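Only one structure is covered here, and it is reproduced in the block below.
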Amino acid sequence: MVSDSVKEAWQDNTKINKVILDHLTPEMVHARTPGEGFTVAEHLLEILHTPKYFGLKFNEEKLGAIPNLYEVKDNEYIAETDLGRIREVAQQTAVDVLEAAEAADSKGELPHTNLDMYLIHMMVHDAHHRGQLLLALKTNGFPLPSEDLVWGPWKNQ
Amino acid sequence: MLSESVKESWKINTRINLNLLGHLSSDMLVAQSSGSGHTVAQHLVHMIDALKFWGQLFDKPRFSTIPDLADPQVEAIVPIADLDLATLRKVMEESRDLALEAADVDKDKGKLPYHSIETFLIHIIAHDSHHRGQIVLALKAGGHPLPEDSAIWSPWRIG
């Protein structure tokens, strides 16, 4: 069960992730955060995989069906860089996670107080990585999406 | 009237901001994100200013009491000359407490361009997180130690 406010915020947050994904070009996904940090593709993997990781703790059947955006090679996680694939999985993740949370009778094994707080935590996690992803673009000389597009969805824009 | 979930999330977010501030030393305030980004001090001042700016749209009497830590007439964020960590910690904590109090009693979202006061608070929580992510990178770029992951992420989990 999810409150109306958290559902609205989740939908706003989904729009912002889409703004970022629509802005990206194949060259940008390899841009790396300064200080040997994540690449843009690795930030996207964090954003998209973490809701699934926690989501398995309350609906393994539905959320386990979301495709993984990584492969493991020599014990290392290699993030997907195909933007078409990333966008598809992003859309599925946003919809399925919200549907699963709305339909859930209990929080299952989630380490959060309730499903609302799981979703808020995931939005906070997204925002942290979006902030770093934008710096990865900036420091590598790529253009940024406009501030209005990145923040507007929170304000009914 | 706020839901318990949003109220608890707000308190967790405040605790994380204070954990981050507790990690900082004065010399870290001038660390700057790569690409001529904001300094740590500018990020923190902006986080406080954003809450004040939007909060005034639904409860001007309360939110206007939050001190300006940068010149409000200048578009660029220019922190006040004597800004120190103690002031940042005090204003961060007091402004967050004041916002929770206002959001809990105010029933009308006034001129806020959000669905509700609750979504406004969730936006501010996300906005803080965006800037905390960039603060961590500024610290890293400046060769400073980073806060423990547990200080930034564990408060979201029970136990």
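Counted by neighbouring Cβ atoms within 10 Å, the residues A:20, B:80 run from fewest to most as B:80, A:20. Can you give the local net charge around residue B:134? Use residues other than it whose beta-carbon is closer than 13 angstrom to its beta-carbon, Lys and Arg +1, Asp and Glu -1. That works out to +3. Kindly write out, for the stretch A:10-25 in residue order, the coupling ³J(HN,Hα) from the Karplus curve 6.51 cos²θ - 1.76 cosθ + 1.60 (θ = phi - 60°), rounded to whole Hz, with x marking Gly and Pro. Values per residue, Gly and Pro as x: 4, 5, 5, 4, 5, 5, 5, 4, 5, 4, 5, 5, 5, 6, 6, 10 Hz. Among the GluC sites (Glu not before Pro) found in the stretch B:75-126, those both in a DSSP coil and sparsely packed, with 12 or fewer other Cβ atoms within 10 Å of their Cβ, are B:75.
Taking DSSP loops as anything outside H, G, I, E and B, show the longest stretch in chain B free of trypsin sites (Lys or Arg not before Pro) there with at most 16 other beta carbons within 10 Å. Intermediate results must be reported in sequence, preceding the final value.
Values: sites that count: B:107, B:111, B:157.
The segment B:1-106 is the longest one with no such site.
Per-residue Karplus couplings for the stretch A:87-99, computed as 6.51 cos²θ - 1.76 cosθ + 1.60 with θ equal to phi - 60°, are listed in order as 5, 4, 5, 4, 5, 4, 4, 4, 6, 5, 5, 5, 4 Hz, Gly and Pro entered as x. Treating each Cα of the stretch B:1-60 as an identical point scatterer and summing with the Debye formula, the log10 of I(q)/I(0) at q = 0.12, 0.16, 0.21, 0.24 Å⁻¹ comes to -0.42, -0.69, -0.97, -1.07.
From the Kirkwood radius over Cα pairs of the stretch A:14-96, Stokes-Einstein at 20 °C and 1.002 mPa s returns a whole-number translational diffusion coefficient of 160 µm²/s.
Shape analysis of the stretch A:76-157 places it in the prolate category; the axes a ≥ b ≥ c from the Cα gyration tensor give an a/c of at least 1.5, with a/b above b/c. Once the Cβ-Cβ distance of residue A:68 and residue B:151 is raised to the sixth power relative to R0 = 30 Å, the FRET efficiency obtained is 0.55.
One Cα centroid belongs to the stretch B:25-62, the other to the stretch A:84-157; the line between them spans 22 Å. Beyond 19 Å, what share of the Cα-Cα pairs of the stretch A:4-150 is found? Please give it as a whole percent. Here the long-distance tail beyond 19 Å is 52 percent of all Cα pairs in the stretch A:4-150. The simple Förster model, with R0 at 30 Å and r as the Cβ-Cβ distance, assigns residue B:7 and residue A:76 a FRET efficiency of 0.15. Along chain A, counting only GluC sites (Glu not before Pro) with a DSSP assignment other than H, G, I, E or B and at most 11 other Cβ atoms inside a 10 Å radius, the longest segment between sites is A:37-108.
Net charge around residue A:9, counting only other residues with Cβ within less than 13 Å of its Cβ (Lys, Arg = +1; Asp, Glu = -1)?
Details: positive: A:7, A:15, A:155; negative: A:4, A:8, A:12, A:116, A:126, B:118.
Charge balance near residue A:9 sits at -3.
Couplings for the stretch B:138-155, taken from phi via the Karplus curve 6.51 cos²θ - 1.76 cosθ + 1.60 with θ = phi - 60°, read 5, 4, 4, 4, x, x, 8, x, 9, x, 4, 4, 5, 6, 9, 10, 4, x Hz in order; Gly and Pro are left as x. In summary, chain B shows an alpha-carbon radius of gyration equal to 1.03 times the 2.2 N^0.38 Å reference for compact globular proteins.
Arrange the following residues from fewest to most other Cβ atoms within 10 Å of their Cβ: A:70, A:77, A:118.
Working: A:70 16, A:77 13, A:118 27.
Ascending number of Cβ neighbours within 10 Å: A:77, A:70, A:118.
Listed by Cβ neighbour count within 10 Å, with the fewest neighbours leading, B:136, A:95, A:150 appear as A:95, A:150, B:136.
When the Cα gyration tensor is reduced to axis lengths a ≥ b ≥ c, the ratio a/c is 1.5 or higher for the protein assembly as shown, and with a/b not above b/c it is classed as oblate. The angle between the Cα long axis of helix A:40-55 and the longest principal axis of the Cα atoms of chain A comes to about 10 degrees, rounded to the nearest 10.
Computed from the coordinates by the stated procedures, all read-outs in this text should not be read as laboratory data. Since the model is a prediction, treat every value here as computed from it, not as a measurement. Methodologically, a virtual Cβ is constructed for each residue, glycine included, from the backbone with ideal geometry; neighbour enumeration extends over all protein chains shown.
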